[in-house]
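Q: Got a structure for you, questions after.
The values are calculated or read from the model by the stated rules, or taken from the named source; none is laboratory data. Please read these numbers as outputs of a predicted model, since none were measured by experiment. Reconstructed Cβ throughout: ideal geometry from the backbone, glycine too, with neighbour counts over all protein chains shown. The area values use the complete protein model at the heavy-atom level, side chains included, leaving out ligands, DNA and RNA. Shrake-Rupley method; radii C 1.70, N 1.55, O 1.52, S 1.80 Å.
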Amino acid sequence: MRISGLLCYAGRVLLIALPMLALTYAIFSDALAPTLPSLPLTFAILPFVIWTALRFGKREVTALNALVCIIAVWHTIEGRGPFASAPLGTSLLLLLAFLGTVVSTGLVLNTVVGERSRAFEALAQALKTLKEEAIRDPLTNLYNRRFLRDYLPRELLRAAREGIRVAVIMIDLDRFKRVNDTAGHAAGDFVLTEIATLLKRHIRGTDIACRYGGEEFTLVLPNATLQSARSRGEAICSAIREAGGRLMGVTASLGVALFPDHAAEPESLLRAADKALYDAKSRGRDQVRIFARGTAKVSSLRSKTAKRARA
């Protein structure tokens, strides 16, 4: 693949280089003198110089400009070309003016184009970085809620079109406030980053892990069944429990909801998973619960969630 690319690039260089050098030779060797005046024809080389400067790198531009200058100097010394018929002083001045025009046009224009290209590349990279920062949580490097709000509707549309299920798992860390109160916010940040690392180990490449806010996380599992989502949630819950020493005694409560079984809209699906999470909290924490319509009212869910005990 690399060799074919190099051959293609060399072919593009030759496509410009051969006519450019052939024209230069024809002008300065007096090959066109019987039919066309040579002096005005020297300006016909400039479009090739400009084209080369716009299309190729500095090495190619320098090499082609050098070859043009060598051809011009050689034939002028031999007494041929558009400058040879003038007196020696005038001939040298015309030659120097031609060489200066070719070199300055090619190299300066190529430098300007190169700087502009680098500026565009830097801008593109900056925009890419800015976009990434806008959808990533800076502490855990997981996706944030903004990304989730944009991603989930598109994923559910795709799932409906393909006839597959999508599981959403809401995760809340139990007694996390106690870590901040007793060990400080730096310790709390450490726990959050450790949880993020643990979640990344327990999801597939097609799954999405988000920091929903505070000590809450959300997983989106495309093409999942209720059983596979439950198993994934229990594995995560167990892993957090087993890492209790490193995580300062923090455990996790998880709620699972499935599209389209439990909800057909993004917000409804998130509310269903959050409702299941609240059910896990109310039943003693450190467990996984599946959404069930008979638990607490969805309308009061967020207010209750905000008052969850962290003790």
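Q: Would you mind classifying the range 121-252 by shape? Square roots of the alpha carbon gyration tensor eigenvalues, ordered a ≥ b ≥ c; an a/c under 1.5 is rounded, otherwise it is prolate if a/b is larger than b/c and oblate if not. If you can, show how the numbers build up before the last one.
A: On the way: a/c = 2.45, a/b = 1.19, b/c = 2.06.
Oblate, since a/c reaches 1.5 and b/c is not below a/b.
Q: Do the sum for the chain: with -39,500 (n - 2.57) for every DSSP H run of n ≥ 4, divided by all residues, what is the mean residue ellipticity at 222 nm, to the nearest 500 deg cm²/dmol?
A: -21000 deg cm²/dmol, from helical runs alone.
Q: Let me spell out the model: positive unit charges on the Cβ of Lys and Arg, negative unit charges on the Cβ of Asp and Glu, origin at the Cα centre of the chain. What dipole size does that give, in debye rounded to 20?
A: For the chain, the charge dipole is close to 1560 debye.
Q: With everything on Cα atoms, drop me the angle between helix 266-282 and the longest principal axis of the chain, reported from 0 to 90° to the nearest 10.
A: 40 degrees
Q: Taking the Cβ-Cβ separation of Val112 and Leu14 as r and a Förster radius of 30 Å, what is the calculated FRET efficiency to the nearest 0.05? Walk me through the numbers before you get to the answer.
A: On the way: r = 25 Å, r/R0 = 0.82.
Here the calculated transfer efficiency is 0.75.
Q: Let me ask you something else. Answer rounded, prolate or oblate for the range 104-197, using the Cα gyration tensor with square roots of eigenvalues a ≥ b ≥ c: rounded when a/c is under 1.5, else prolate when a/b is larger than b/c, else oblate.
A: Oblate, since a/c reaches 1.5 and b/c is not below a/b.
Q: Got a sec to turn the phi values of the range 139-148 into Karplus ³J(HN,Hα) couplings, 6.51 cos²θ - 1.76 cosθ + 1.60 with θ = phi - 60°, whole Hz, x for Gly and Pro?
A: 7, 9, 6, 7, 5, 9, 5, 4, 5, 4
Q: If each residue of separation counts as 0.36 nm, what is the full-extension length gain between Leu130 and Asp150 once their alpha-carbon separation is subtracted?
A: Gain on stretching Leu130 to Asp150: 5.5 nm.
Q: Could I ask something else about it? Can you list the HN-Hα couplings for the range 245-259, worked out from phi with the Karplus curve (6.51, -1.76, 1.60; θ = phi - 60°), rounded to whole Hz and with x for Gly and Pro?
A: Rounded to whole hertz, the list is x, 5, 9, 6, x, 6, 10, 9, 10, 10, x, 10, 9, 10, 8.
Q: Between Ser85 and Ala31, what is the FRET efficiency for a Förster distance of 22 Å, r being their Cβ-Cβ separation, to the nearest 0.05?
A: Efficiency at R0 = 22 Å is approximately 0.90.
Q: Placing +1 on the Cβ of each Lys and Arg and -1 on the Cβ of each Asp and Glu in the chain, which of Thr206, Thr140, Ala263 has its Cα farthest towards the positive end of the resulting dipole?
A: Result: Ala263.
Q: On a 0 to 90° scale, report how tilted helix 46-55 is relative to the longest principal axis of the chain, with both axes built from alpha carbons and the result rounded to the nearest 10.
A: 20 degrees
Q: Apply the Karplus parameterisation 6.51 cos²θ - 1.76 cosθ + 1.60, with θ equal to phi minus 60°, to every residue of the range 209-217 and state each ³J(HN,Hα) to the nearest whole Hz, in sequence, with x for glycine and proline.
A: Whole-Hz 3J(HN,Hα) from phi for the range 209-217: 10, 10, 8, 6, x, x, 9, 9, 10.
Q: Consider just the alpha-carbon atoms of the chain and return their Rg together with their Dmax, both in angstrom.
A: Computed over the Cα atoms of the chain, radius of gyration and Dmax are 35.1, 105 Å.
Q: Continuing with the same structure: Can you give me the accessible area per residue for the range 160-246, using a 1.4 Å probe, in Å²?
A: Heavy-atom accessible area per residue stands at 44 Å².
Q: Sticking with this one: If you roll a 1.4 Å probe over the chain with all protein chains in place, what percent of the accessible area is carbon or sulfur? Could the numbers behind the result be given before it?
A: Working: 10240 of 16460 Å².
Carbon and sulfur together cover 62 percent of it.
Q: If amide hydrogens are placed 1.01 Å from N in the peptide plane, which non-local residues have theirs closer than 5 Å to the one on Thr251?
A: Asp174
Q: Based on the mean of other Cβ atoms within 10 Å per residue, sort peptides 225-233, 119-127 so the most packed one is first.
A: By packing density, highest mean first, the sequence is 225-233, 119-127.
Q: Could you please state, rounded to a whole Å, how far the C-alpha centre of the range 155-174 is from the C-alpha centre of the range 202-265?
A: First find each Cα centre; the distance between them is then 11 Å.
Q: Under a point-charge model restricted to the Cβ atoms of Lys and Arg (+1) and Asp and Glu (-1), what is the dipole moment magnitude of the range 108-155 relative to its Cα centre, in debye to the nearest 20?
A: 120 debye
Q: In debye to the nearest 20, how big a dipole does the range 117-231 give about its Cα centre with +1 on each Lys and Arg Cβ and -1 on each Asp and Glu Cβ? Write out the running numbers ahead of the final one.
A: On the way: 19 positive and 15 negative charges, 76 e Å.
With Lys and Arg at +1 and Asp and Glu at -1, about 360 debye.
Q: Roughly how tilted is helix 185-201, in degrees to the nearest 10 and between 0 and 90, from the longest Cα axis of the chain?
A: Long axis of 185-201 versus the principal axis of the chain: about 80 degrees.
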